[in-house]
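Reading through the structure tokens given below for one structure.
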Amino acid sequence: MTAFVPATRRWADLSGPALVEVTSDRSIAVIPIGAIEHHGPHLPLRTDALVAQAVTAAAVERVAAEGIDAWVLPPIEYAKSDEHHWAPGTLWLEGTTLLEQLVEIGRSISLTPVRTVVFVNGHGGNVMLLGWANRELRRRFGLRTFSMPSGLGGAADGTDGRPDERGQGIHAGYVETSVVMHLAPELVAPELPPRNVPEKIAAMRYIGFNRMPVMFGWTSDDFGPTGVIGDPTGANAEDGGRFFETGVDFVSDALREIDRFEFA
Ligand SMILES: [Zn+2]
């Protein structure tokens with residue numbers, strides 16, 4: 001009996017036998033990973049999960065139409081949001097708990113013909129953990145593993161939405177607020193909180209959040225009570241649509257590169 005294969009790119013829509021039949025060692029399992037965490041008074045807790053899932057779905061659909069055998073796996077929504085531990089509503093896992101979850105999902109994938117796992121990440125707090133997971137999955141199960149940001153805005157880390165955020169718009173700022181206005185306007189509060197850019201950190205030469213050589217430990221309440229790091233002032237759905245498209249373009253292009261990746 002030939003397995004029934006529905007016309008979707010979602011792993012969990014397939015039957016087990018269909019999955020074995022349609023996938024191969026060329027297939028790519030793409031896992032959106034986000035967070036359920038405080039995003040200021042104006043954005044939903046599931047902002048990062050929403051963005052990661054929307055970007056992943058659009059990118060996979062695009063590259064699948066070109067013949068790349070990519071599949072979207074169910075999203076990971078509870079993640080490493082310990083920097084927002086203080087804010088009610090945040091639902092977070094210890095890093096070690098999340099690492100085990102990622103390893104165990106990879107272990108299950110390794111029982112299928114699929115040999116490549118890609119994490120598309122909507123939450124900065126997961127970045128280092130995903131690097132750790134990539135190597136665990138490589139060493140333990142021989143999988144090819146990759147992780148990338150959902151790539152909103154011009155910078156892949158989503159920090160250059162507007163120049164006057166000075167590279168500090170990392171959380172609930174202009175980019176994220178605009179993108180949620182584009183994806184789910186009904187979830188954005190009509191009143192936006194004020195600018196909250198850590199100007200002293202922006203003026204530092206080495207210490208900073210992204211692409212800076214000196215890292216520092218922080219929790220989001222170190223920068224004030226709103227949970228915003230950046231400037232959502234003037235955010236709008238039109239710019240959000242543009243930022244979203246840069247994310248889909250970036251993830252699509254990265255998947256094309258992963259499809260032709262070789263170690264040697
Ligand atoms: Zn976020």
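The values are calculated or read from the model by the stated rules, or taken from the named source; none is laboratory data. Here the structure is a predicted model, which means the values were calculated and not measured. For neighbour counting, all protein chains shown are included, and Cβ atoms are generated from backbone atoms with ideal geometry for every residue, glycine included.
Overview of results
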{"item": "The range 38-57, residues that are assigned to a helix (DSSP H, G or I) and within 12 Å of the ligand (Cβ to nearest atom)", "result": "THR47, ASP48, ALA49, LEU50, VAL51, ALA52"}
{"item": "Hits in the range 174-206 - residues which are in a loop (DSSP other than H, G, I, E, B) and out of contact with any Pro (no Cβ under 6 Å at 6 or more places or on another chain)", "result": "ALA184, VAL188, ALA189, PRO190, GLU191, PRO194, ARG195, VAL197, PRO198, ALA203, MET204, ARG205"}
{"item": "Among the residues listed as ARG138, ARG205, ARG195, the single one being on the phi < 0 side of the Ramachandran plot, away from the ligand (no atom under 16 Å from the Cβ), touching a strand residue (DSSP E or B) at 6+ places or on another chain (Cβ under 7 Å) and among the charged types (D, E, K, R)", "result": "ARG138"}
{"item": "Candidate set: the range 14-36, residues that are in a strand (DSSP E or B) and of a type in the set (Val, Ile, Thr); chosen: the one surrounded by the most Cβ atoms within 10 Å (Cβ to Cβ)", "result": "ILE33"}
{"item": "Options VAL103, VAL51; residue that is surrounded by 22 or more Cβ atoms within 10 Å (Cβ to Cβ) and either out of contact with any Pro (no Cβ under 6 Å at 6 or more places or on another chain) or over 27 Å from ASP249 (Cα atoms) (or both)", "result": "VAL51"}
{"item": "Any hit, the range 10-19, residues being away from the ligand (no atom under 13 Å from the Cβ), modelled with pLDDT of 95 or more and of a type in the set (Phe, Trp, Tyr)", "result": "yes"}
